[in-house]
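Below is one structure, written out as structure tokens, with a few remarks after it.
The values are calculated or read from the model by the stated rules, or taken from the named source; none is laboratory data. All of these numbers come straight from a predicted model, not from anything done at the bench. Ideal geometry is used to build each Cβ from the backbone, glycine not excepted, and the neighbour counts take in all protein chains shown.
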Amino acid sequence: MTGGAVVDVVGGQALQITSDHDGDVDVSLVIPTFNEAGNIADLVRRLHSILGDAGVSHELIVVDDDSPDRTWEVAAGLIDEVPTLRVLRRTGESGLASAVVCGWTHARSRVLGVIDGDGQHPPEVLVELLAALDERTDVAVASRHLPGGGVSNWSATRRLLSRGAQALGLLLLPGTVGRVTDPMSGYFLVRREAVAAQELHPVGYKILLEVLARGDIRRVAEAPYVFLERERGESKVRPLHYLDYLRHLMRLRVLPLRSQALARYLAVTLTALVVDAATFVWLFDGLDLNLTRSAALAGEVAILYTVLLLDLWTFAGRVARTALDRIRRLLGVQLALGVLLFGRLMVINALVNWFHLGPLAAFLVALAAMTPVGHLLGSRLTWRPARG
Ligand code: GDD
Ligand code: MN
């Protein structure tokens with residue numbers, strides 16, 4: 001086995017994909033691996049033969065994070081047989097998304113791609129993805145959620161988690177996540193020009209999200225695929241990756257916010273919770289108003305507090321529009337949040353009447369459940385921190 005064919009890469013540096021490319025290679029496909037020694041050989045051979053049969057010139061770039069099972073070494077042993085294979089062994093950093101970008105910075109062709117190294121992404125679909133990437137299209141995604149696609153035998157919990165993550169993404173970044181049926185896909189192609197000028201900051205697992213959010217993407221095409229079961233090795237997904245995903249979404253959402261604006265945003269939204277709850281207690285316990293009235297008035301006070309402070313303080317520097325625009329915007333948010341407040345009153349009453357919760361408990365549950373929705377709604381309608 002040859003160690004010499006392996007390129008050592010030290011992670012942790014900023015990654016910039018340049019626009020230089022070699023017109024002779026049709027596609028550069030990155031295969032991120034961590035402990036895939038039992039899977040990599042099959043996959044590499046199949047990719048090489050499928051792409052060869054289809055007349056697609058290519059390079060396969062394994063990016064291995066210094067796997068304890070020495071996947072990099074197994075891969076390097078294939079280079080004689082598969083001359084289009086290159087192997088990067090990365091140390092000092094790990095993570096699927098950053099491994100993919102790292103591979104792309106070493107890629108030569110105009111079309112960059114990624115496929116899992118464990119055989120769960122059927123390699124034949126690549127040919128369809130390549131065909132879908134016509135002149136006007138910048139990204140071609142293999143999707144589980146198109147007719148003809150699917151997952152093999154996932155538990156209800158895993159399906160729910162996957163769909164839940166997607167729904168959350170849609171809520172936070174509709175313009176990004178809503179462009180594809182399977183934004184969680186880790187199997188896709190992207191034109192180099194669409195990402196070359198952009199600085200990518202890959203977090204966690206979801207590299208497609210980063211590409212769609214930060215790339216300069218015109219059309220997106222999709223092709224269905226069935227996510228196969230793993231035959232060897234194990235998934236590297238950990239509960240922590242769900243947190244990474246949340247962090248990634250938040251980061252893309254508040255992208256252009258300077259840290260001062262972010263601090264102000266958090267200050268307003270968190271103190272609003274206190275204002276809301278304190279007003280409620282004061283009205284309900286202190287002034288003996290009934291439950292619905294207390295919750296309604298407290299909610300309205302909190303809405304005015306939030307909306308005015310965000311507008312006049314948090315986002316003061318960046319929203320210089322006419323007075324009329326401002327009034328229109330504030331009325332719009334007020335109206336939407338008013339509708340939400342109405343929903344909150346129903347929830348509180350239901351909790352008290354049907355679930356026999358105490359008034360304060362019911363109020364707090366409704367507050368915790370519905371305030372985040374309010375902020376999402378508000379940020380969609382108005383100050384819009386990021387594109388999405
Ligand atoms: N270099 C590197 N570093 N590779 C990694 C790392 C890492 O830290 N973590 C995982 N990988 C590699 C795995 O070795 C495998 O080749 C691929 O990334 C996918 O990892 P899995 O752990 O098998 O993920 P999965 O099967 O649960 O999820 C896959 O399918 C999802 C649904 O389409 C991934 O492709 C997801 O990106 C995809 O969203
Ligand atoms: Mn997998």
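Taking region 169-183 on its own, how many of its residues are closer than 28 Å to G103 by Cβ and either within 11 Å of ligand 1 (Cβ to nearest atom) or of a type outside the set (V, I, T) (or both)?
8
Taking the conditions exactly as written (more than 16 Å from ligand 2 (Cβ to nearest atom), in the same structural domain as L189 (by TED's automatic domain parsing) and either under 27 Å from E231 (Cα atoms) or free of Cβ contacts under 8 Å to residues at least 12 places away in the same chain (or both)), does S57 satisfy them or not?
Spelling it out, it is not the case that S57 is more than 16 Å from ligand 2 (Cβ to nearest atom), in the same structural domain as L189 (by TED's automatic domain parsing) and either under 27 Å from E231 (Cα atoms) or free of Cβ contacts under 8 Å to residues at least 12 places away in the same chain (or both).
Considering only region 99-116, how many residues are within 11 Å of ligand 1 (Cβ to nearest atom), assigned to a helix (DSSP H, G or I) and of a type outside the set (A, V, I, L, M, F, W, C)?
1
In region 120-129, what count of residues is obtained for those that are surrounded by fewer than 20 Cβ atoms within 10 Å (Cβ to Cβ) and either charged (D, E, K, R) or away from ligand 2 (no atom under 16 Å from the Cβ) (or both)?
3
Outside any loop (DSSP other than H, G, I, E, B) and either in contact with a Pro (Cβ under 7 Å, 6 or more places away or on another chain) or among the aromatic types (F, W, Y) (or both): is that true of S49 in this structure?
In short, no.
Taking region 130-156 as the search range and keeping residues that are of a type in the set (A, V, I, L, M, F, W, C) and within 16 Å of ligand 2 (Cβ to nearest atom), which one is farthest from R232 (Cα to Cα)?
So the residue we want is A142.
Going through region 184-202 one residue at a time, which ones are in contact with a Ser or Thr (Cβ under 8 Å, 6 or more places away or on another chain) and within 13 Å of ligand 1 (Cβ to nearest atom)?
Across region 184-202, the qualifying residues are M184, S185, P202.
Return the only residue of G117, G95, G103, G113 being within 16 Å of ligand 2 (Cβ to nearest atom) and in contact with a strand residue (DSSP E or B) (Cβ under 6 Å, 6 or more places away or on another chain).
Selected residue: G117, the only one of G117, G95, G103, G113 that is within 16 Å of ligand 2 (Cβ to nearest atom) and in contact with a strand residue (DSSP E or B) (Cβ under 6 Å, 6 or more places away or on another chain).
Report, by residue number, each residue of region 221-245 that is surrounded by fewer than 18 Cβ atoms within 10 Å (Cβ to Cβ), modelled with pLDDT of 90 or more and not in a loop (DSSP other than H, G, I, E, B).
Scanning region 221-245 gives P224, V226.
Can you name every residue in region 312-331 that is modelled with pLDDT under 80, touching a helix residue (DSSP H, G or I) at 6+ places or on another chain (Cβ under 9 Å) and not in a loop (DSSP other than H, G, I, E, B)?
Within region 312-331, T314, R326, R329, L330 meet the criteria.
Does region 50-82 hold any residues that are under 30 Å from the mean Cα position of the chain (by Cα), among the small types (G, A, S) and surrounded by fewer than 23 Cβ atoms within 10 Å (Cβ to Cβ), and which are they?
Matches in region 50-82: S67 only.
When the residues of region 25-40 are filtered to those that are closer than 18 Å to P83 by Cβ and within 13 Å of ligand 1 (Cβ to nearest atom), which remaining residue is farthest from the chain's Cα centre (by Cα)?
So, considering only residues that are closer than 18 Å to P83 by Cβ and within 13 Å of ligand 1 (Cβ to nearest atom), the one farthest from the chain's Cα centre (by Cα) is I40.
Tell me yes or no: at least one residue of region 308-325 is under 28 Å from R251 (Cα atoms) and aromatic (F, W, Y).
Scanning region 308-325 turns up at least one residue that is under 28 Å from R251 (Cα atoms) and aromatic (F, W, Y).
Would you be able to tell me the number of residues in region 60-81 that are of a type outside the set (A, V, I, L, M), away from ligand 2 (no atom under 16 Å from the Cβ) and either part of a strand (DSSP E or B) or closer than 10 Å to V6 by Cα (or both)?
Residues flagged as of a type outside the set (A, V, I, L, M), away from ligand 2 (no atom under 16 Å from the Cβ) and either part of a strand (DSSP E or B) or closer than 10 Å to V6 by Cα (or both) within region 60-81 amount to 3.
Mind checking which pairs have a first residue in region 330-355 that is under 23 Å from L312 (Cα atoms) and a second that is at pLDDT 90 or above and in a helix (DSSP H, G or I), Cβ under 6 Å, 6 or more apart or different chains?
Once the first residue is under 23 Å from L312 (Cα atoms) and sits in region 330-355, its partners that are at pLDDT 90 or above and in a helix (DSSP H, G or I) give L341/G299.
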